[in-house]
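One structure is given below, encoded as structure tokens.
The values are calculated or read from the model by the stated rules, or taken from the named source; none is laboratory data. All values derive from a computational prediction rather than experimental measurement. Glycine also receives a Cβ, built like all others from the backbone with ideal geometry; neighbour counts cover every protein chain displayed. Just so you know, the surface numbers come from the protein's heavy atoms only, side chains and all, with ligands and any DNA or RNA stripped out. Shrake-Rupley method; radii C 1.70, N 1.55, O 1.52, S 1.80 Å.
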Amino acid sequence: QVQLVESGGGLVQPGGSLRLSCAASGFTVSRYAMSWYRQAPGKERELVAAITSGSSTNYADSAKGRFTISRDNAKNTVYLQMNSLKPEDTAVYFCKRLGYPVYWGQGTQVTVSS
């Protein structure tokens, strides 16, 4: 049974950092492209960052230079390190496994506010 469980969200001040985790079970993350999406209130879900099975990465323009996606194969977990956070980064962040079928986690709330 495939599961994706996100954690690490919370309330942080502007300029602060958070590291999100996506713990996977039921499959091996190194064999799939994995990605992080986010959805702010009243907005569509958008891609933040992705990592391929070959460890190539790509980022939304809004995330470049501030966010880093990585993978720990031993822990079967994907991470999103977020630095220099801004209020506009406030959203629910979701982990997604690409491929067929697609799987989503339940999301973790990130709030950037002073």
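The residues listed here are ARG97, ARG45; of these, the one that is charged (D, E, K, R), open to solvent by 20 Å² or more (accessible area, probe 1.4 Å) and at pLDDT 95 or above is ARG45. Inclusion of ALA63 among residues that are part of a strand (DSSP E or B) and either within 15 Å of the chain's Cα centre (by Cα) or small (Gly, Ala, Ser) (or both) is not warranted. Taken residue by residue, segment 53-74 has at least one member that is at positive phi, open to solvent by 30 Å² or more (accessible area, probe 1.4 Å) and without any contact (Cβ under 8 Å) to a residue 60 or more places away in the chain. Just one of (1) under 9 Å from the mean Cα position of the chain (by Cα); (2) within 16 Å of LEU4 (Cα to Cα) fails for GLN81. It is (2). All told, PRO41 falls short of being on the phi < 0 side of the Ramachandran plot and touching a helix residue (DSSP H, G or I) at 6+ places or on another chain (Cβ under 9 Å).
Would segment 11-19 turn up any residue that is over 12 Å from the mean Cα position of the chain (by Cα) and closer than 17 Å to VAL102 by Cα?
Kept after step one, since they are over 12 Å from the mean Cα position of the chain (by Cα), are these residues of segment 11-19: 11-17.
Those left that are additionally closer than 17 Å to VAL102 by Cα: none.
No, segment 11-19 contains no residue that is over 12 Å from the mean Cα position of the chain (by Cα) and closer than 17 Å to VAL102 by Cα.
Any residue at all in segment 87-95 that is in a strand (DSSP E or B) and either over 17 Å from CYS22 (Cβ atoms) or basic (Lys, Arg) (or both)?
No, there is no match, as no residue in segment 87-95 is in a strand (DSSP E or B) and either over 17 Å from CYS22 (Cβ atoms) or basic (Lys, Arg) (or both).
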